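The values are calculated or read from the model by the stated rules, or taken from the named source; none is laboratory data. On a predicted model such as this, the values are computed, not experimentally measured, just so you know. A quick note on method: Cβ atoms are made from the backbone with ideal geometry, for glycine too, and the neighbour counts reach across all protein chains shown. The accessibility values were calculated without ligands, DNA or RNA, using every heavy atom of the protein model including side chains. Shrake-Rupley method; radii C 1.70, N 1.55, O 1.52, S 1.80 Å.
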Amino acid sequence: MMKIAVVASNGKASRAIIEELVARGHEVTAFARHENQSAAKHFVQKVILGNH
């Protein structure tokens, strides 16, 4: 098992990659500007000024 961070995790490609990583047993932490839409169990949301 690896610990993997994915930036811009709500994109179409990122969500597919995260699903595959989770299915393979990796621990995934997702980073995005908006609420989590991925299969990652760990999520960090960052509000960027002007993107509310």
Q) With a sphere of radius 10 Å drawn around the Cβ of THR29, what net charge do the other residues whose Cβ falls strictly inside it have (Lys, Arg +1; Asp, Glu -1)? A) +1
Q: Report the far tail of the P(r) of the chain, meaning the percent of Cα-Cα pairs longer than 19 Å.
A: 21 percent
Q: Report the extension gain between ALA23 and MET2 in nm, rounded to one decimal, defined as 0.36 nm multiplied by the number of residues separating them, less their alpha carbon distance.
A: 6.3 nm
(Q) Within the chain, what whole-number % of the accessible surface is contributed by carbon and sulfur, with the 1.4 Å probe and all protein chains included in the calculation? (A) 55 percent
Q) Taking Cα pairs under 8 Å and at least six residues apart, what relative contact order does the chain come out at, in percent? A) 34 percent
**Q.** Candidates per GluC sites (Glu not before Pro) in the stretch 3-38, loop by DSSP, up to 16 other Cβ within 10 Å
**A.** GLU35
Q | Angle between the chain longest axis and helix 12-23 axis [Cα atoms, degrees, rounded to 10] | A | 40 degrees
